[in-house]
Every structure is written in structure tokens, then in C-alpha cells.
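The values are calculated or read from the model by the stated rules, or taken from the named source; none is laboratory data. Source: prediction; values computed, not measured. Cβ sites come from the backbone with ideal geometry, for glycine too, and all protein chains shown count toward neighbours. The protein model used for the area step is the full one, side chains on, heavy atoms only, and it has no ligands, DNA or RNA in it. Shrake-Rupley method; radii C 1.70, N 1.55, O 1.52, S 1.80 Å.
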Amino acid sequence: MKRKKPFDFIFFLLTWLSIGVTVAVFTLVVGYVLINGVPYISPSLFALESTALNPSLFPALMGTLMIVGLSLILAVPLGIFSAIYLVEYARRGSRFVKIVRLTTETLAGIPSIVYGLFGFIFFGVFLGWGLSLMSGAFTVSIMILPLIMRATEESLRAVPDTYREGSFGLGAGRLRTVVRIVLPAATPGILAGIILAIGRIIGETAAIIFTLGNVARMPNNLFDSGRTLSAHMYTLANEGTHPGEAHATAAVLLLVVILINALSSWIARFVKAS
């Protein structure tokens, strides 16, 4: 019988300690938000218009869904196609691939406030879009593009080369192999990157305020201003006049994130099973 080394026991304790701390922090944060926010959730909080007496979160909720949808439409195809080219078509180890990966990692480390200033100057002032959905969506799509690219690239690289070799051996071309063999196998990892990107969009405040604005109403068109849930919660908490509604907005924001994650996980399982 093999004797266990003391280091193995220490590593075992550290592993379970890390799991316990993670679960405890998650439970504490979620419990605090729900306990303080759920009692203030009422039908009036979902009124179509937000006023000084009733700071409804419905316009901010619609603004959040709009900015998420537009950003994903812009960033997801570009990120996935770029990753496919880097993994499946570009020569491995080439200088071009190294430059693209270095650029992607650099973009991922830039603070969001810098993205906000860039979006305001370039999209809002230079292109003349002002504080609008278009300015916010293009700015946020640039923010999440490195995340989607890296997640897709790692998922594609995790697919064994035997899958590709078997497809080539049966006479399939590279495009058919990528579409029918590689992408389905990498779908769960790609969706995980998209989920992380959605979480970053929903939780972003600084870049959104600089580009989308902070107007408590639903945008009427792509070049109209609005507000997201995170900006709405920040404004209410900063003003201090509606602390209950601020906690309720945080609870709704948390529930939206959980719902999106659950839906994405279901889609990933459905795609994998099919």
C-alpha cells in the first residue's frame, strides 16, 4: 500500500479550503443582494417610464438587453471567425499569429474607463454618433472581442487533431471539417466565452456611461441615448434617495445574469447532445 506524503494532505486541505472560501463568498454576496433587494421588488418598479418618485428599472432593463444584443451581434461573429483563422488556417507559430495574440492579450488588459474615453471620442465625437446605443455597442464589442477570441481559440485548440485527420481521411475539405467536426466539438467552450462576455457587458458601468449615456428612458432608435441596469443602480446608490430601489435593481441584475447563464448552459448541452 502506497503511503501518503505529508504534502498530499496539505494540498488536499488547501484545495477544500479554497472550495469552501469560494462557496462562502458566493453565498454571502448572493444572499446579501437578494435579502436586501427582493423585499423592494414591486410591480411599480417595472413601470414603462422612470420618474423621480418612481425610479422604474424597466427602461434600464430594456437598455441592457439592447446593448447586450447589439454587442454580441458585432463581436461574436468577428471573434469566432478570427479564432478559426488563427487555429485552422494560419501557419502555426508564424509571426502574424504571435502579433495577433499579443494584441488580443493587450486589449484584454486595458481598463474599461479607457475604452469608454476612446468610444466617446471616436464613435461619439469623431463619427458624430453622440451618446447612443451605437456608440455603446461598438465600444463594448471592442471590449469583449479579446475575450471571445481567446475562449474560441482555446476551445478549437482543445479539439484533438485526430478529429481533423479522420475527416480529411474521409475526403472532407478543411471548411467542411471545421463546420461539421471541429466547431460542434468546441461549442461548449465557445459558449462559455460568450457567457463571460455577457457578464462583462451587464456589469459594465464606466464605458457605458461615457458612450450610451445615463438617461432614464428606453432608446427610441440606435442613435438614441439610454441607460443600463448597472448604470441605473449606480445612479440610485450615488444619489442616496432610493436605496431600496438600488438594492432591488441589484437583485434583478443578479437574477438576469443567472437566467442568462442557465439558458446558455442549456443551449450548450442541447448542441452537444445533438
All conditions in (1) within 22 Å of residue 244 (Cα to Cα); (2) modelled with pLDDT of 90 or more; (3) surrounded by 13 or more Cβ atoms within 10 Å (Cβ to Cβ) are true of residue 136 except (1)
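Residues are listed down the side, and each one gets a yes or a no for (1) surrounded by 10 or more Cβ atoms within 10 Å (Cβ to Cβ); (2) closer than 26 Å to residue 229 by Cβ:
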{"position": "12", "(1), (2)": "yes, no"}
{"position": "19", "(1), (2)": "yes, no"}
{"position": "39", "(1), (2)": "yes, yes"}
{"position": "42", "(1), (2)": "yes, yes"}
{"position": "46", "(1), (2)": "yes, yes"}
{"position": "53", "(1), (2)": "no, yes"}
{"position": "56", "(1), (2)": "yes, yes"}
{"position": "64", "(1), (2)": "yes, yes"}
{"position": "67", "(1), (2)": "yes, yes"}
Residue 216 fails exactly one of (1) of a type in the set (A, V, I, L, M, F, W, C); (2) within 22 Å of the chain's Cα centre (by Cα); (3) not in a helix (DSSP H, G or I), namely (2)
- Query: Restricting attention to region 110-127, does a residue exist that is surrounded by 21 or more Cβ atoms within 10 Å (Cβ to Cβ), within 30 Å of residue 218 (Cα to Cα), touching a residue at least 40 places away in the same chain (Cβ under 8 Å) and touching a Pro at 6+ places or on another chain (Cβ under 6 Å)?
  - Reply: no
Among the residues that make up region 142-158, is at least one of them under 20 Å from the mean Cα position of the chain (by Cα) and basic (Lys, Arg)? yes
Condition met for residue 107 (open to solvent by 30 Å² or more (accessible area, probe 1.4 Å), free of Cβ contacts under 8 Å to residues at least 40 places away in the same chain and in contact with a Pro (Cβ under 8 Å, 6 or more places away or on another chain)): yes
Over region 101-151, the set of residues closer than 17 Å to residue 191 by Cβ and out of contact with any Leu (no Cβ under 9 Å at 6 or more places or on another chain) is 150
Counted residues in region 142-183 being open to solvent by 10 Å² or more (accessible area, probe 1.4 Å), at pLDDT 90 or above and among the hydroxyl-bearing types (Ser, Thr, Tyr) come to 1
Considering residues that are in contact with a helix residue (DSSP H, G or I) (Cβ under 7 Å, 6 or more places away or on another chain) and either open to solvent by less than 10 Å² (accessible area, probe 1.4 Å) or acidic (Asp, Glu) (or both), the number found within region 214-243 is 8
- Restricting attention to region 153-167, does a residue exist that is in contact with a Phe, Trp or Tyr (Cβ under 7 Å, 6 or more places away or on another chain) and assigned to a helix (DSSP H, G or I)? no
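Listed here are the residues, each with its yes/no results for (1) at pLDDT 90 or above; (2) part of a helix (DSSP H, G or I); (3) under 30 Å from residue 180 (Cβ atoms).
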residue	(1), (2), (3)
25	yes, yes, no
49	no, no, no
56	no, no, no
72	yes, yes, yes
Subset of region 74-96, residues in a helix (DSSP H, G or I), under 20 Å from residue 183 (Cβ atoms) and either at pLDDT below 85 or open to solvent by 80 Å² or more (accessible area, probe 1.4 Å) (or both), comes to 78, 81, 85, 89
Yes or no: region 246-266 includes at least one residue that is open to solvent by less than 20 Å² (accessible area, probe 1.4 Å), in a helix (DSSP H, G or I), in contact with a Phe, Trp or Tyr (Cβ under 7 Å, 6 or more places away or on another chain) and not polar (S, T, N, Q).
yes
Residue pairs qualifying under the 6 Å Cβ cut-off, at least six apart or on distinct chains, with the first in region 194-215 being under 19 Å from residue 113 (Cβ atoms) and the second being open to solvent by 30 Å² or more (accessible area, probe 1.4 Å) and assigned to a loop (DSSP other than H, G, I, E, B), are 213/131
* Determine whether residue 31 is in contact (Cβ under 8 Å) with a residue 12 or more places away in the chain, within 30 Å of residue 253 (Cβ to Cβ) and of a type outside the set (Phe, Trp, Tyr). => no
